[in-house]
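Have a look at the structure that comes next, please.
The values are calculated or read from the model by the stated rules, or taken from the named source; none is laboratory data. Since the structure is predicted, the reported quantities are computational estimates derived from the model, not experimental observations. Note that we place each Cβ from the backbone using ideal geometry, even for glycine, and neighbour counts take in every protein chain shown.
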Amino acid sequence: MAGIVELLPKEYGYIILTIIAYGFVNVYMQIQVGKARKKYKVYYPILYATEADSKDYKIFNCIQRGHQNSLESLPIFFVLMVLGGLKHPVICTALGLVYTVSRFFYFTGYSSGDPKGRLPIGKYNGIAILGLAIVNISFGVSLLRT
């Protein structure tokens, strides 16, 4: 283990902490979906509600969809953080924090029941992912040049 740690940049710890911070945001979203299931009486295995399931099916679906969308993009976020952080840990950390904060607001805005509520601050998660992709491209090119 000591050999691996010695190879990593000292600032790589920020990458790990940023990923953990996103994990806490994800747990928050999970809890909100669980509460919505109870409140709107949408029980498993139903993923999305219909009018037959609950009169408040649209609000439940917005809460569920906000979390589901975050889960769909989670793997690419984690991969871009872990790989890009090997070369550019501070830049990736900054972008990862922007992503994490904007994902929180994306979810809370979506959970309002109006899907447009996800956009005012939540739209910045796309910019953060684009930045992470650029950092990873830079890292890949630098590896090819060595």
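Does residue 103 count as in contact (Cβ under 8 Å) with a residue 24 or more places away in the chain, touching a helix residue (DSSP H, G or I) at 6+ places or on another chain (Cβ under 7 Å) and closer than 17 Å to residue 17 by Cα?
Yes: the conditions hold for residue 103.
Which one of 14, 40, 28, 48 is modelled with pLDDT of 95 or more and touching a helix residue (DSSP H, G or I) at 6+ places or on another chain (Cβ under 6 Å)?
Result of the check over 14, 40, 28, 48: 14.
Further question on the same structure: Would you point out the residue of segment 106-117, among those that are over 14 Å from residue 58 (Cβ atoms) and of a type outside the set (A, V, I, L, M, F, W, C), that is surrounded by the most Cβ atoms within 10 Å (Cβ to Cβ)?
That would be 106.
Let me ask another. Report whether or not residue 82 is at pLDDT 95 or above, on the phi < 0 side of the Ramachandran plot and in a helix (DSSP H, G or I).
In short, yes.
Now, a different point. Filter segment 25-55 down to residues that are part of a loop (DSSP other than H, G, I, E, B) and crowded, with 18+ Cβ neighbours inside 10 Å and give me whichever is farthest from the chain's Cα centre (by Cα).
So the residue we want is 54.
Still on this structure: Anything in segment 51-67 that is touching a helix residue (DSSP H, G or I) at 6+ places or on another chain (Cβ under 8 Å) and not charged (D, E, K, R)? List them, or say none.
54, 57, 59, 60, 62, 63, 64, 66, 67 - these are the residues of segment 51-67 that are touching a helix residue (DSSP H, G or I) at 6+ places or on another chain (Cβ under 8 Å) and not charged (D, E, K, R).
Turning to a different aspect of this structure: What about residue 70, is it part of a helix (DSSP H, G or I), in contact with a helix residue (DSSP H, G or I) (Cβ under 9 Å, 6 or more places away or on another chain) and small (Gly, Ala, Ser)?
So residue 70 passes the test.
Let me ask something else about it. Restricting to segment 121-138, give me the number of residues that are under 14 Å from the mean Cα position of the chain (by Cα) and either without any contact (Cβ under 8 Å) to a residue 40 or more places away in the chain or surrounded by fewer than 16 Cβ atoms within 10 Å (Cβ to Cβ) (or both).
Adding up the residues that qualify gives 8.
While we're on this one: Is one or more of the residues making up segment 65-79 surrounded by fewer than 20 Cβ atoms within 10 Å (Cβ to Cβ), of a type in the set (Ser, Thr, Tyr) and either modelled with pLDDT under 95 or within 30 Å of residue 10 (Cβ to Cβ) (or both)?
Yes, segment 65-79 contains at least one residue that is surrounded by fewer than 20 Cβ atoms within 10 Å (Cβ to Cβ), of a type in the set (Ser, Thr, Tyr) and either modelled with pLDDT under 95 or within 30 Å of residue 10 (Cβ to Cβ) (or both).
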